[in-house]
Amino acid sequence: MGFPKLSEVSMYPITIPSSGIQTRFRPYLVKEEKILLVASEQNDPDLINQSILDLVRSCLEDEIDGKDLTVFDVEYLFCNIRAKSVGEKSTLALACSHDECFHQTEVDIHIDQAEMDMGEQKDNIIKINDDVSIEMGYITYDNIIKNNKVKDTKTDAEVVYLTTLMSIKAVLTEEERIDVSAEPFEELVDFVNNMTTEQFNLLKEFALNTPEVKLDVTWECESCKKENKMELRGIADFF
């Protein structure tokens, strides 16, 4: 006789933050959750990130190129998909910040209440001198997965430097637009290293002002009974 056909899952409207594209998403299925759980058990960051990206793309109604989704797009979409898939609540162990208490209390957070903090939106065309401007853009999730240079960084200064480099999309002159992705990475490094600190700081300010998923959380410490407040930012804080 065969098994009965399951009813179609519900679809929910959502807007992709970086592009403003309106689409719909569905909750993820058991087969998709299984892939994510296996990746988590293997404790492989690359595999986990790729699984999250694949899951998000599968759950969107429209066919969106994963290479176009920024880090904050994927984080925002995943939070919403996860909330509709397994529930709006997630339990975190959060440490008290009062009087060196540091007691960890289990706190239920409502993922569906997470919002996008777009920050102070800046012009993505930055003029560094009379002849040259730099076209900046937000780093994509796909770029983070594939870029081994970021994974090998050891210090915060290196992370900031590479984040800024990866945010450069093109170099503009009166005669041409030089697409950075079509040029050797070493040449980009040499180009940036010959900037003044003032010029580089203009690029860095854009790169570090990346929108993030955020959620304000308030709870009472189980030990000292004092109220705590924390702002969760980014997918790593939510799960």
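The values are calculated or read from the model by the stated rules, or taken from the named source; none is laboratory data. Just so we're clear, the structure is a prediction, and the values are computed from it rather than from any experiment. Here Cβ is always computed from backbone atoms with ideal geometry, including for glycine, and neighbour counts include all displayed protein chains.
The residues on offer are SER97, SER85, and the sole one that is among the small types (Gly, Ala, Ser), in contact (Cβ under 8 Å) with a residue 24 or more places away in the chain and surrounded by 15 or more Cβ atoms within 10 Å (Cβ to Cβ) is SER85.
Just name the residue that is modelled with the lowest pLDDT out of those in segment 206-239 that are charged (D, E, K, R) and within 22 Å of ASP73 (Cα to Cα). It comes out as ASP237.
The set of residues in segment 153-174 that are over 18 Å from the mean Cα position of the chain (by Cα), of a type in the set (Asp, Glu) and farther than 16 Å from ILE128 by Cβ contains only GLU158.
Condition check: more than 26 Å from MET118 (Cβ to Cβ) and either buried (at least 16 other Cβ atoms within 10 Å of the Cβ) or among the small types (Gly, Ala, Ser) (or both). Does MET230 satisfy that? Against the criterion (more than 26 Å from MET118 (Cβ to Cβ) and either buried (at least 16 other Cβ atoms within 10 Å of the Cβ) or among the small types (Gly, Ala, Ser) (or both)), MET230 does not qualify. The set of residues in segment 166-219 that are among the hydroxyl-bearing types (Ser, Thr, Tyr) and within 26 Å of LYS146 (Cα to Cα) comprises SER167, SER181, THR210.
Listed here are the strands (runs of 3 or more DSSP E) enclosed by segment 62-162 that have at least 1 residues being under 23 Å from PHE238 (Cα atoms): 89-95, 104-110, 115-117. Candidates are the residues of segment 1-29 that are free of Cβ contacts under 8 Å to residues at least 12 places away in the same chain and of a type in the set (Ser, Thr, Tyr); the one that is farthest from GLU115 (Cα to Cα) is SER7. Residues considered: ILE134, ILE126, ILE109, ILE145. Of these, the only one that is modelled with pLDDT under 90 and surrounded by 13 or more Cβ atoms within 10 Å (Cβ to Cβ) is ILE145. Residues in segment 36-70 that are closer than 27 Å to ASP108 by Cβ and touching a Ser or Thr at 6+ places or on another chain (Cβ under 7 Å) were compared, and the one that is surrounded by the most Cβ atoms within 10 Å (Cβ to Cβ) is ALA39.
Residues in segment 164-219 that are touching a helix residue (DSSP H, G or I) at 6+ places or on another chain (Cβ under 7 Å), more than 20 Å from TYR141 (Cβ to Cβ) and not aliphatic (A, V, I, L, M): PHE200, LYS204.
Of all residues in segment 10-35, those being in a loop (DSSP other than H, G, I, E, B) and either surrounded by 14 or more Cβ atoms within 10 Å (Cβ to Cβ) or touching a Ser or Thr at 6+ places or on another chain (Cβ under 6 Å) (or both) number 9.
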